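Asks: I'd like to ask some things about the structure below.
Derivation of every value follows stated rules applied to the coordinates shown; laboratory data play no part. On a predicted model such as this, the values are computed, not experimentally measured, just so you know. With ideal geometry, Cβ positions are generated from the backbone for all residues, glycine too; neighbour counts draw on all protein chains shown.
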Amino acid sequence: MNTYNSHSVDIDIGSPEHMSQCDISLPHAWYPVAKSRAIKRGQKQTLHFMEREWLLFRTQQGQVGTVARHCSHMGGDLNQGQVDRDCIRCPVHGWRFDHQGQCQSQLKHPFKQQAQLASLDTAEYAGVIYVFTLPQAMYPLPHLPFDQRCHFSRVRKLKLPVHFLLASMNSFDVAHYDYVHHRKITEKPDIYSHDKHHLGIELKAQVLQKSWHDKLMSWLGFDQVDIRIDCWGSSYLQMFNHQAQMGAIISVMPIDHQNSEIYLTAYDCKTSDKGLFRPFKSIKLELSRRITTAFLMSDVPIARGLRPVEGVLIPGQDDEVKQFWSYYKKLPKTTIYHEN
Ligand code: FES
Ligand SMILES: [Fe+2]
C-alpha cells in the first residue's frame with residue numbers, strides 16, 4: 001500500500017524554501033498504479049495516493065477510472081459496491097458514479113449535482129494504468145511518436161528500496177554512466193525541453209562490456225549506443241535506442257521517501273523485422289526487457305537510501321544534473337489532499 005504523505009515526502013533540493021515547499025508536495029504528473037491486465041472489465045482495486053483512499057475500476061465498456069473510495073452521500077465504501085455498466089454502484093443506497101465521479105443516478109431522489117465524487121484523471125498505455133494528480137491532467141499521457149508500429153513486451157513491476165526520483169535524476173547524471181554502468185560517454189550530451197513538464201537528453205556512449213548484459217548487447221552488435229531519454233513530470237520516462245530501434249517505458253510510483261514501485265515495458269519498433277516470426281520477436285523483446293531491467297538494477301545498490309540532494313555540482317561535469325534540478329524545481333507541485 002502506498003503511504004506517501006506529508007511526513008514522508010522528503011526531497012532535499014538544497015534550500016530551506018524548497019524544503020518546506022517540497023515536504024508537502026509531489027510533481028503534478030502521471031503515476032503508474034496497476035498493470036492493465038490486473039483490472040479486467042467490471043473489476044476494481046483500492047489505491048492509497050496523496051493521503052487519500054481511491055477506487056480504481058474498469059467499466060463494462062473497458063474504460064478505467066479513479067474516484068474517491070467513499071461515497072459522497074453518506075460515505076458508503078464503493079469497494080464493497082459493484083461495477084454496473086459504465087458506473088460504480090454504491091452498496092448503501094445504490095447511487096451510481098461514472099469513471100469521472102459524476103453521479104449518474106440516485107435511486108429514490110432527484111439527481112443532485114453536488115453528489116459528484118472526487119476523481120483523478122486516469123489513462124492507460126502499453127499495458128499500464130496511470131493516474132494524474134488532478135481530475136483533469138495538465139498534459140496527456142505521452143505516447144511513443146511511432147507507436148502504431150511498436151510491439152510491446154509484458155510489463156515488469158518492481159518494488160525497489162529507492163527514492164522515486166532515482167530513475168529520472170539518474171538518467172541525467174551523465175557522470176555515473178561511466179562509474180556505475182561502464183558506458184563511456186563519447187560526446188557532450190544534448191538536453192532539450194518541449195514544455196515545463198518535459199526534459200529530454202540525447203546520449204552517445206560506448207559499451208565497455210563488463211557486465212553480462214553489456215556482453216549480450218555487444219554480441220547483438222551494439223558496442224556503441226545512441227540513446228534518447230524523454231522524461232515527463234519526473235515520474236514517466238521513454239527511452240529509445242536509435243541503433244536497435246528499441247526502447248523502454250519506465251514509470252515510477254512513490255511509496256515513501258525510500259521505496260518506489262517501478263513499471264517497465266520494453267518496445268520494439270524496427271520495421272525491418274516485419275518478416276520475423278512472432279516467437280523470435282517475443283524473444284527479442286523479452287531479452288530487451290531483461291537487459292533494461294538489469295541496467296536499472298545496477299543502480300539499486302548505490303541508490304538504496306539515497307536522498308536526492310542538489311549538493312556541490314561541478315561545472316562541466318554535472319551540467320545535466322543541474323539542468324535536471326532546475327527542471328524539477330519548476331515542475332508544478334501538488335498540495336496533499338486531506339480526508340474530511
Ligand atoms: S452512502 Fe452511497 S448511496 Fe448512500
Ligand atoms: Fe543509472
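Asks: Can you tell me, using C-alpha contacts under 8 Å and at least 6 residues apart, the relative contact order of region 29-132 as a whole percent?
Replies: Numbers: 247 pairs, mean separation 28.2, N = 104.
Value for region 29-132: 27 percent.
Asks: Just the Kirkwood number for region 152-274, please: inverse of mean 1/r across all distinct Cα pairs, in Å, one decimal.
Replies: Value: 15.4 Å, from the Cα pair sum.
Asks: How about region 247-331: which trypsin sites (Lys or Arg not before Pro) there lie in a loop by DSSP and see at most 16 other Cβ atoms within 10 Å?
Replies: 270, 274
Asks: Under a straight-distance cross-link criterion of Cα-Cα below 16 Å, which aspartates and glutamates are reachable from residue 159, leaving out those fewer than 8 residues away in the same chain?
Replies: Counting by Cα, and skipping residues close in sequence, residue 159 has these aspartates and glutamates nearby: 256, 261, 299.
Asks: Then there's this: For region 192-260 and region 47-112, compute the distance between their C-alpha centroids and round to whole Å.
Replies: About 38 Å separates the Cα centre of region 192-260 from the one of region 47-112.
Asks: Quick check on the exposure proxy: order 37, 52 from fewest to most C-beta atoms within 10 angstrom.
Replies: Working: 37 11, 52 18.
In increasing order of surrounding Cβ atoms, one gets 37, 52.
Asks: Among 128, 309, 174, whose mean-square fluctuation peaks in a Gaussian network model of the chain (Cα, cutoff 10 Å)?
Replies: 309
Asks: Projected onto the charge dipole of region 147-330 (+1 at Lys/Arg Cβ, -1 at Asp/Glu Cβ, origin at the Cα centre), which of 297, 166, 328 gives the Cα projection farthest towards the positive end?
Replies: 297
Asks: Under a Cβ-only charge scheme (Lys and Arg +1, Asp and Glu -1), can you give me the dipole magnitude of region 147-330 about the Cα centre, in debye to the nearest 20?
Replies: Rounded to the nearest 20 debye, it is 680 debye.
Asks: Could you tell me which of rounded, prolate or oblate describes the chain, using a ≥ b ≥ c as the square roots of the eigenvalues of the alpha-carbon gyration tensor, with rounded for a/c under 1.5 and, failing that, prolate when a/b is larger than b/c and oblate otherwise? Write down the numbers at each step before the final one.
Replies: Numbers: a/c = 2.50, a/b = 1.51, b/c = 1.65.
Here the chain falls in the oblate category.
Asks: Going highest first, how would you order 244-253, 224-233, 160-169 by mean Cβ packing within 10 Å?
Replies: 244-253, 160-169, 224-233
Asks: Evaluate Rg over Rh across region 203-269, taking Cα atoms for both radii and Kirkwood's formula for Rh.
Replies: Value, to two decimals: 1.04.
Asks: May I ask you to derive the relative contact order of region 197-306, considering only C-alpha pairs under 8 Å and at least 6 residues apart, and to give it as an integer percent?
Replies: 18
Asks: Based on a Kirkwood Rh over C-alpha pairs, give the Stokes-Einstein translational diffusion coefficient of region 201-340 at 20 °C and viscosity 1.002 mPa s in µm²/s.
Replies: For the chosen part, D equals 122 µm²/s.
Asks: For the chain, what's the relative contact order in percent, using C-alpha pairs closer than 8 Å and at least 6 residues apart?
Replies: Worked out over the chain, it gives 20 percent.
Asks: Right, something else. Cross-link list 157/196; 210/330; 204/284: which exceed 30 angstrom alpha carbon to alpha carbon?
Replies: 210/330
Asks: When the Debye formula is applied to the Cα atoms of region 29-132, each taken as the same point scatterer, what base-10 log of I(q)/I(0) results at q = 0.12, 0.18 Å⁻¹?
Replies: The Debye formula, applied to the Cα set alone, gives -0.34, -0.76.
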